[in-house]
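First up is the structure itself, then whatever we jot down about it.
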Amino acid sequence: MYERSSVGELADTLRRELDRYSPGGKLPSSRSLVERFRVSPVTVSRALAQLVAEGLVVTRPGAGAFRAPPRAARTPAGDTSWQEVALSADGVGDLVPRTVDASGVTVSLAAPPPGVVEFNGGYLHPSLQPERALSAALARAGRRPGAWGRPPLEGLPELREWFARGIGGAVTAAEVLVTAGGQSALTTALRAVAPPGAPVLVESPTYPGMLAIARSAGLRPVPVPVDADGVRPALLADAFRATGARVFVCQPLFQNPTGAVLAPDRRGEVLRIAREAGAFVVEDDYVRRLVHEDAGQLPRPLAADDPDGVVVHVGSLTKATSPSFRVSALAARGPVLERLRAIQVVDTFFVPRPLQEAALELVGSPAWPRHLRALAAELKGRRDAMTTALRLDLPELAVPHVPSGGYHLWVRLPDGTDEAALTAAALRAGVAVTPGRPYFSAEPPAGHVRLSFAAVAGTGEITEGVRRLRTACDEVLPGNRSASGIRST
């Protein structure tokens with residue numbers, strides 16, 4: 001049983017038992033709850049905190065937990081229908097109406113019900129996160145002199161230097177801004193380089209969170225197809241000419257969702273095409289630290305080979321650590337850097353200093369390279385377990401590319417498959433998968449699902465998840481089972 005499901009189940013039980021106590025009545029001690037339910041003290045603490053947040057329980061330091069007094073009668077809800085007109089009128093003059101649709105993002109953020117295999121997760125399972133190293137880093141960071149003071153607006157110099165070294169080339173600390181997570185950095189970057197109503201070129205398929213950012217800013221995503229070697233330069237050039245776009249957003253390394261790596265002969269072409277179009281390339285280098293053990297030498301970020309300020313680089317620590325460790329960086333050169341800095345200051349002021357200090361403590365500790373080595377081996381093992389299970393149990397699902405980095409597989413469904421029906425059937429069978437439709441900014445060429453192998457407990461759960469997916473496919477897939485198979489590129 002996962003910790004989060006234990007917390008929810010214990011909170012449900014305690015909530016049902018509250019009627020045994022009068023208002024102000026004392027609940028059993030934390031120690032007795034630990035012994036009765038055979039859970040950890042942390043689980044008890046979190047379950048009680050959930051009931052406190054709901055107003056059902058109050059805690060008193062040194063005294064224990066008590067049933068809260070009855071709540072006052074709730075004021076009847078007012079009429080909020082006027083907001084529909086106000087929010088719609090807000091975009092009347094926009095060339096491209098702003099739409100805030102988070103559904104493509106929340107599908108990988110929402111926790112599935114207890115007992116469901118989480119193939120839809122976008123982050124590492126707790127067993128893969130460096131929790132001890134993070135806790136130690138936070139503790140040491142809190143004791144650093146000035147750790148609770150205001151940091152420089154651009155970020156701590158030492159952390160900016162660390163990010164700059166990771167990018168390489170001629171990038172310096174002066175060209176780096178510390179930001180609060182990759183999603184925030186992408187939002188800042190798009191606001192800096194594209195005015196409302198403008199087209200923005202995106203890979204197809206691409207990360208739904210980036211599409212949501214663009215649409216919420218009133219931008220118009222224009223798809224450029226990718227293949228096993230990344231974005232296709234000829235089509236990129238055509239798209240720049242046809243749209244007059246001034247920005248292209250891409251993930252050259254282990255692209256989400258396809259896992260493709262931009263081929264060496266295409267890297268210079270992409271930069272040249274963007275430069276000739278007078279356009280920026282926003283490089284989302286989101287999983288550089290989720291390389292697999294068999295990956296070999298990784299290509300440098302595009303920003304390392306860019307002397308002309310074409311690339312706005314986004315890098316992050318979050319994917320390799322914890323979804324709550326939201327420390328990332330923006331790197332750029334030229335006038336755009338000042339615009340990026342100004343937008344970040346207006347939006348968030350700065351990233352909290354204790355978090356930046358903890359990042360420095362973490363990446364400077366011996367635990368950091370050990371974690372990355374262990375993670376590389378574990379991710380390879382999980383990837384191989386999933387590809388093997390799919391090949392044996394679901395040969396009609398095609399995996400055109402088996403990546404050597406990242407945390408998921410991009411799976412093509414047989415022609416005629418109802419993607420939404422399969423997703424729903426999979427959940428009924430006890431496995432959560434991510435539908436492919438949100439990854440396309442226009443009509444998709446085929447049905448897909450994305451299967452994460454990093455958000456589950458281990459290889460045994462991967463095998464069980466594929467078995468459950470087999471049940472869902474038997475219910476939904478059209479026609480007979482043709483073995484299209486898995487092939488590695």
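Points worth noting:
- Residue count, the range 281-318 (criterion: closer than 18 Å to residue 374 by Cβ, among the charged types (D, E, K, R) and either more than 21 Å from the chain's Cα centre (by Cα) or buried (at least 24 other Cβ atoms within 10 Å of the Cβ) (or both)): 2
- Every residue from the range 344-361 that is under 22 Å from the mean Cα position of the chain (by Cα) and over 16 Å from residue 161 (Cβ atoms): 344, 347, 348, 350, 352, 355, 358
Residues are listed down the side, and each one gets a yes or a no for (1) in a loop (DSSP other than H, G, I, E, B); (2) outside the structural domain of residue 204 (by TED's automatic domain parsing); (3) not hydrophobic (A, V, I, L, M, F, W, C):
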{"residue": "411", "(1), (2), (3)": "no, yes, no"}
{"residue": "415", "(1), (2), (3)": "yes, yes, yes"}
{"residue": "426", "(1), (2), (3)": "no, yes, no"}
{"residue": "438", "(1), (2), (3)": "no, yes, yes"}
{"residue": "455", "(1), (2), (3)": "yes, yes, no"}
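- For the range 314-325, a residue qualifies if it is under 14 Å from residue 177 (Cβ atoms) and not small (Gly, Ala, Ser), and exactly one does: 314.
- Of 404, 441, all but one fail to be modelled with pLDDT under 95, touching a strand residue (DSSP E or B) at 6+ places or on another chain (Cβ under 9 Å) and among the polar types (S, T, N, Q); the exception is 441.
- With respect to being under 30 Å from residue 451 (Cα atoms), within 18 Å of the chain's Cα centre (by Cα) and modelled with pLDDT of 95 or more, residue 371 falls outside the description.
- Checking each residue in the range 318-351 for being of a type in the set (D, E, K, R) and out of contact with any Ser or Thr (no Cβ under 6 Å at 6 or more places or on another chain) picks out 319, 333, 338, 339, 341, 347.
- On inspection, residue 419 passes the criterion of being surrounded by fewer than 22 Cβ atoms within 10 Å (Cβ to Cβ) and under 24 Å from residue 101 (Cβ atoms).
- Filter pass, residue 159 being in contact with a strand residue (DSSP E or B) (Cβ under 6 Å, 6 or more places away or on another chain) and at pLDDT 95 or above: yes
- Filter result for residue 466 (in contact with a Gly (Cβ under 7 Å, 6 or more places away or on another chain), closer than 19 Å to residue 121 by Cβ, of a type in the set (Val, Ile, Thr) and modelled with pLDDT of 95 or more): no
- Against the conditions (1) crowded, with 24+ Cβ neighbours inside 10 Å; (2) out of contact with any Pro (no Cβ under 9 Å at 6 or more places or on another chain); (3) in contact (Cβ under 8 Å) with a residue 40 or more places away in the chain, residue 321 satisfies every one except (2).
- Candidates are the residues of the range 371-414 that are touching a residue at least 40 places away in the same chain (Cβ under 8 Å) and among the acidic types (Asp, Glu); the one that is surrounded by the fewest Cβ atoms within 10 Å (Cβ to Cβ) is 393.
- In the range 132-156, the residues that are loosely packed, with under 14 Cβ neighbours inside 10 Å and assigned to a helix (DSSP H, G or I): 132, 135, 139, 142
- Just one residue in the set 51, 56 is within 37 Å of the chain's Cα centre (by Cα), farther than 18 Å from residue 6 by Cβ, in contact (Cβ under 8 Å) with a residue 40 or more places away in the chain and surrounded by 11 or more Cβ atoms within 10 Å (Cβ to Cβ); that residue is 56.
- Top-ranked residue of the range 159-208 - restricted to ones that are without any contact (Cβ under 8 Å) to a residue 40 or more places away in the chain and assigned to a loop (DSSP other than H, G, I, E, B), ranked as surrounded by the most Cβ atoms within 10 Å (Cβ to Cβ): 172
The values are calculated or read from the model by the stated rules, or taken from the named source; none is laboratory data. Everything numeric here is computed off the predicted structure, so don't read it as measured data. Ideal geometry is used to build each Cβ from the backbone, glycine not excepted, and the neighbour counts take in all protein chains shown.
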